[in-house]
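Below is one structure, written out as structure tokens, with a few remarks after it.
The values are calculated or read from the model by the stated rules, or taken from the named source; none is laboratory data. Since we're looking at a predicted model, the values are computed, not measured. Every residue, glycine among them, receives a Cβ derived from its backbone with ideal geometry; neighbour counts consider all protein chains shown. The accessibility values were calculated without ligands, DNA or RNA, using every heavy atom of the protein model including side chains. Shrake-Rupley method; radii C 1.70, N 1.55, O 1.52, S 1.80 Å.
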Amino acid sequence: MSLPDLLRRGSPQDCRPVPRFLLTRPQWGALAEDLAREDSTDLLGLWADPGMVHAALWAEGAPHLVSCPAPDGRYPALSPARPGAVRLERMIHDLWGHVAEGAVDLRPWLDHGRWPSIAPLSTRPGPAPYPVPQPVFLAVEGEGVHQIPVGPVHAGIIEPGHFRFHVQGETVARLEERLGYLHKGHIGLMLGKPVRVAAKFGARLSGDSTVAHAWAFSMAVEQALEVQPSPRAAALRGVMAELERLHNHLNDWGFVCNDAAFAFPHARAGALREAVLRACAAAFGHRLMMDRVVPGGVTDDLTPAGAAAILAALEVVEAAIPALVSIYEGHASLQDRVVGTGIVAPALVARFAAGGHVGRASGRGFDARAAAPYAPYDTVPPVVPVLTQGDVDARVRIRIAELGEAIRLVRALLAALPEGELQRALPQRAGEGIGMVEGFRGDCLHWVALDDGGLVRAAFPRDPSWLQWPLLEAAIEGNIVADFPLCNKSFNCSYSGVDL
Amino acid sequence: MQPLKRMLWPQLARGLFGKPVTDPAPLVPDGVVQALRDRLEESAQARLGRSLSIRQVDCGSCNGCELEINALQNVVYDLERFGLRFVASPRHADVLLVTGPLTRNMQEALLRTRDCTPEPCFIVAAGDCAVDGGVFRGSYAVLGGIGEAVPVDLVIPGCPPTPAQLLEGLLALLEAQVPAKPRQAGAG
């Protein structure tokens, strides 16, 4: 049975902009079989609430939402058909206690055995295990294989996570990630809160993508309540999101060079990024523009001198890029480290439906701004760069191309900044919606369901890193340990974003 | 042949003779220094002098604090000119700069890091989350502030604190180590 046939048989639930189809368990099982046969449908997300499991799919240029009831805490697994579902199923088990039947991997993911209870978001949380269980890693067999455990506390100023390398000589035979150290209970904190309060958690899912996530959450709420933000609010959101893309890409480009021990671009990119952040602070009152995007619109207008500050910073960045590119390209010691390192095959990226620069460097041109256009990108569509080499260099070059594109978009948005109110009032009523916004890492997908009083009944923020982290394990395979920092920085997946 | 301005060496040479891009140092409020000075012992001053090695530990931050702490190392803030530097191991550190609401999953890692840090170990809680859990206070998964696990010597609030605020806090820690005698004129 094909996806459209399956959806027709499901019962449509009120969700915007697309209905959520409630399937029976056999129908969900048929969906899993259909996904195994059919490559064209992408799995964008998988999450749950106490009684049900939900999935977001992307097929034929549109999102589709499906649900499967899990009254007895069991549902047919999607991971045999879509590897991107593996960690999501493990996460669902740890938070809600639902078991994916036939799943590829049933080991714990977020739950390290240190919470007061197991399945904290289920209706009946159970007692925590004692003693705290030791993590189990996938084994590697072979002559001379040894392990290198790294983290959770790393040598640099980065987020905590554990990397278990199995190494033969200098070559990485297998990397396995163990995350979850940053689990703060985001979803639990959002439940029962008014949307303006819940938005604070959306904005703090991953600080480097605070604008994109706050926007995606706000978009989901606005869809649920059928509120359209004013053109001015939409344009200001676009300006903030592009500035966020700009400062993150500059940062990561510099860090990739630094991880190859090439300090100059790092120093230069750091100074340029600082100029962008100061312009953000001058224009929006916060360097990272945190809590500026809220359901209904934006909190603050551009300050009177804001536009000039942004344009001045853009000019400095734009003027510096050609020289930086030339230096990046012109030094063999640097090119030797990035070209051909950490290759992710296009077929693998397609199977995981990885977005952002990870996808676009390996031939998957998905960009939420173009694939599912939203204001203001419907009036100023972005040009989406796509490469197929899939190595560290390709991911850097996608970012370089996006720097120029972000500068162009900010200028276009500021040049035609429409008039209009900053915020529109939100009705206090029930509703359900999804929002997808392209952050610097890729598509940020938020789903929210509101109860009759307009409070959050259920929510799930899906950071793009869910579908990118597993590919880092593939990228480093067969490479040397010393190239791991380069690969890791070229991905720059969010730890906090997936640890929830 | 590339144009000169796109090559590395001319740019480096310009950097040598040009005006520095580094910001002037922020002034540290006296009250902060006094409070800290009172808490530090003579032995610490003797052993550390005017330099501090900092080990950063993320205990649940959203990574906003890490972005700003990283910015401290860029050429504009240039942390190292003050004798402050980030080190790769807690065994080399005088200061643990801790962020995040302290998740339950990070508690053991923080305690082990603390155990690896030689005495005297100053603990700085950076960011609103590290101070008292911030917006995450009350969640089943967090303990609610760094102080729940280890004694805190200095807090730097903010969500996230700006590099200037972080620098001010860290400088206060450094200033507090100078013995409380009249400073020589012109001494930096």
* In Å and whole numbers, how far do the C-alpha atoms of segment A:3-123 stretch along each principal axis, longest first? -> 43, 28, 24
* If the chain between A:Ala59 and A:Ala425 were fully stretched, how many nm would it gain, using 0.36 nm times the residue separation less the Cα-Cα distance? -> 128.4 nm
* To do: Return the calculated 222 nm mean residue ellipticity for the protein assembly as shown, to the nearest 500 deg cm²/dmol, obtained by summing -39500 (n - 2.57) across DSSP H runs with n ≥ 4 and dividing by the residue count.
  => -12000 deg cm²/dmol
* What is the protein assembly as shown by shape, rounded, prolate or oblate, if you read a ≥ b ≥ c off the alpha carbon gyration tensor as root eigenvalues and call it rounded for a/c under 1.5, prolate for a/b larger than b/c, and oblate otherwise? -> rounded
* Structure fact -> Carbon/sulfur accessible area of the protein assembly as shown, % of total, 1.4 Å probe, equals 56 percent
* Structure fact -> Length gained if A:Ser117 through A:Asp301 is fully extended, taking 0.36 nm per residue and subtracting the Cα-Cα distance, is 61.8 nm
* Near-label residues of segment A:451-486 by backbone N, under 16 Å of a point 7 Å along Cα→Cβ of A:Val145 -> A:474, A:477-479
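Which FRET efficiency value, to the nearest 0.05, is calculated for A:Ala415 and A:Ser2 with the Förster distance at 30 angstrom and r the Cβ-Cβ distance? Intermediate values should be presented prior to the final figure.
Values: r = 46 Å, r/R0 = 1.52.
About 0.10, to the nearest 0.05.
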* Structure fact -> Normalised per residue, the volume inside the convex hull of the alpha-carbon atoms of segment A:186-499 in Å³ amounts to 110 Å³
* Asked: In nanometres, what is the gap between the two model label sites at A:Arg196 and B:Arg112, each 7 Å from Cα along Cα-to-Cβ?
  -> 4.4 nm
* Indicate, rounded to the nearest 5 percent, the antiparallel portion of the DSSP beta bridges found entirely in chain A. => 90 percent
* So what's the gap between the Cα centers of segment B:1-33 and segment A:87-151, to the nearest angstrom? -> 48 Å
* Structure fact -> Taking placed amide H atoms and a strict 5 Å upper bound, the residues 5 or more places from A:Ala128 or on another chain that come that close are A:Ile118
* Cα gyration tensor shape for segment A:147-290, rounded if a/c is under 1.5, else prolate or oblate -> oblate
* Asked: Share of antiparallel DSSP beta bridges in segment A:3-123, in percent to the nearest 5?
  -> 75 percent
* Taking the Cα centre of each part, how many Å lie between segment A:286-357 and segment A:371-402? -> 10 Å
* Asked: Between B:Glu148 and B:Leu4, what is the label-to-label distance in nm when each label sits 7 Å out along the Cα-to-Cβ direction?
  -> 6.1 nm
* To the nearest 10 Å², what's A:Phe352's accessible area with a 1.4 Å probe? -> 20 Å²
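With +1 on each Lys and Arg Cβ and -1 on each Asp and Glu Cβ, how big is the dipole of the protein assembly as shown about its Cα centre, in debye rounded to the nearest 20?
On the way: 63 positive and 74 negative charges, 126 e Å.
My answer is approximately 600 debye.
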* 3J(HN,Hα) from dihedral phi, segment A:444-457, Karplus parametrisation 6.51/-1.76/1.60, rounded to Hz, x for glycine, proline -> 9, 10, 10, 10, 9, 10, 10, 8, 4, x, x, 8, 6, 8
* To do: Give me the number: length gained by fully extending A:Ala155 to A:Asp72, i.e. 0.36 nm times residue separation minus the C-alpha to C-alpha distance, one decimal in nm.
  => 25.4 nm
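Report the semi-axes of the equivalent ellipsoid for segment A:308-383 in whole Å, largest first, where each axis is √(5λ) for an eigenvalue λ of the Cα gyration tensor.
That gives 26, 26, 7 Å for the three semi-axes.
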* Distance in nm between pseudo-label sites at A:Ala347 and A:Ser326 (7 Å out along the Cβ direction from Cα) -> 4.2 nm
* Sort out for me the Cα centre separation of segment A:160-206 from segment A:33-84, rounded to whole Å. => 21 Å
* FRET efficiency for A:Arg107 and A:Asp336, Cβ-Cβ distance as r, R0 = 35 Å, nearest 0.05? -> 0.40
* Structure fact -> Checked segment A:347-490 with the C-alpha gyration tensor, a ≥ b ≥ c its square-rooted eigenvalues, rounded below a/c of 1.5, otherwise prolate if a/b is larger than b/c and oblate if not; verdict oblate
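When you count, for each residue, the other Cβ atoms within 10 Å and take the mean per peptide, how do A:405-415, A:473-483 rank with the highest first?
Working: A:405-415: 20.1, A:473-483: 17.7.
Ranked by mean Cβ neighbours within 10 Å, highest first: A:405-415, A:473-483.
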